[in-house]
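The values are calculated or read from the model by the stated rules, or taken from the named source; none is laboratory data. Predicted, not measured: the structure shown is a model, and the values here were computed from it. Neighbour counts run over all protein chains shown; Cβ positions are idealised from the backbone, glycine included. Side chains are part of the model used for accessible areas, which takes the heavy atoms of the whole protein and leaves out ligands, DNA and RNA. Shrake-Rupley method; radii C 1.70, N 1.55, O 1.52, S 1.80 Å.
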Amino acid sequence: QKEVEQDPGPLSVPEGAIVSLNCTYSNSAFQYFMWYRQYSRKGPELLMYTYSSGNKEDGRFTAQVDKSSKYISLFIRDSQPSDSATYLCAMSARNTDKLIFGTGTRLQVFP
Amino acid sequence: ETGVTQSPTHLIKTRGQQVTLRCSSQSGHNTVSWYQQALGQGPQFIFQYYREEENGRGNFPPRFSGLQFPNYSSELNVNALELDDSALYLCASSQTASSGETQYFGPGTRLLVL
């Protein structure tokens, strides 16, 4: 079993839709949770960063962490074609900054 | 743009050869981590360098080695290349080697081993 599980998609939605992306994990030591966006043939770009449980909002993006369920989510409101990319969840434990990534979910937003 | 640069952008090698990839960290950052991303997969941690010393290693064989220089730029060396080494190699820099430190990724070097 992988430490981090993420549905690879692809996920195809119309412009303006609300998108929900999710990851589950097995290691209870994870404390830091991130979402990266990766466009084709580019490096990952940090979107959201959350420490421990809770919600964080930044513009159209909301990240949620539920440590009791070992489940994290990223919501994208009013999705745009420019949001079409692969979204990677990543996490790390205390006393290390080694990131453990999910496989990534490919999102396509069509006009 | 994160300010992290990598060279070369693309590389083609044959099995058994050796390769060196380079990374310049963001200004003010003293820590560099290297990741391997196979097609359709998430990045996998190779190792991290902090102040010119290896500071943690993932599940990669010793033929993957690295260096960090006094200006905090870094190299990844891979000896005896295998077909499975074909991947996007990403370097990430962070301000320091503390837990939870944000890592900023470069654009990657795409390596193809034939």
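Does segment B:86-105 hold any residues that are surrounded by 20 or more Cβ atoms within 10 Å (Cβ to Cβ) and either outside any loop (DSSP other than H, G, I, E, B) or at pLDDT 95 or above (or both), and which are they?
Result: B:87, B:88, B:89, B:90, B:91, B:92, B:93, B:94, B:104, B:105.
Please work out if residue A:84 is more than 17 Å from residue B:90 (Cα to Cα) and at pLDDT below 95.
no
Let's see how each residue does on (1) among the hydroxyl-bearing types (Ser, Thr, Tyr); (2) assigned to a strand (DSSP E or B); (3) surrounded by fewer than 18 Cβ atoms within 10 Å (Cβ to Cβ):
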| site | (1), (2), (3) |
| --- | --- |
| B:6 | no, yes, no |
| B:23 | no, yes, no |
| B:29 | no, no, no |
| B:32 | no, yes, no |
| B:35 | yes, yes, no |
| B:41 | no, no, yes |
| B:45 | no, yes, no |
| B:49 | yes, yes, no |
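Residue by residue through segment B:51-74, note down the ones that are open to solvent by 30 Å² or more (accessible area, probe 1.4 Å) and assigned to a strand (DSSP E or B).
B:53, B:54, B:55, B:56, B:57, B:65, B:67
Consider only pairs whose beta carbons are under 7 Å apart and that are at least six residues apart or on different chains; among these, list those whose first residue lies in segment B:76-96 and is farther than 13 Å from residue B:13 by Cα and whose second residue is open to solvent by 10 Å² or more (accessible area, probe 1.4 Å) and of a type in the set (Lys, Arg).
Every condition considered, the pairs that remain are B:88/B:110.
Among the residues of segment A:34-58, which ones are surrounded by fewer than 21 Cβ atoms within 10 Å (Cβ to Cβ), polar (S, T, N, Q) and assigned to a strand (DSSP E or B)?
A:50, A:55
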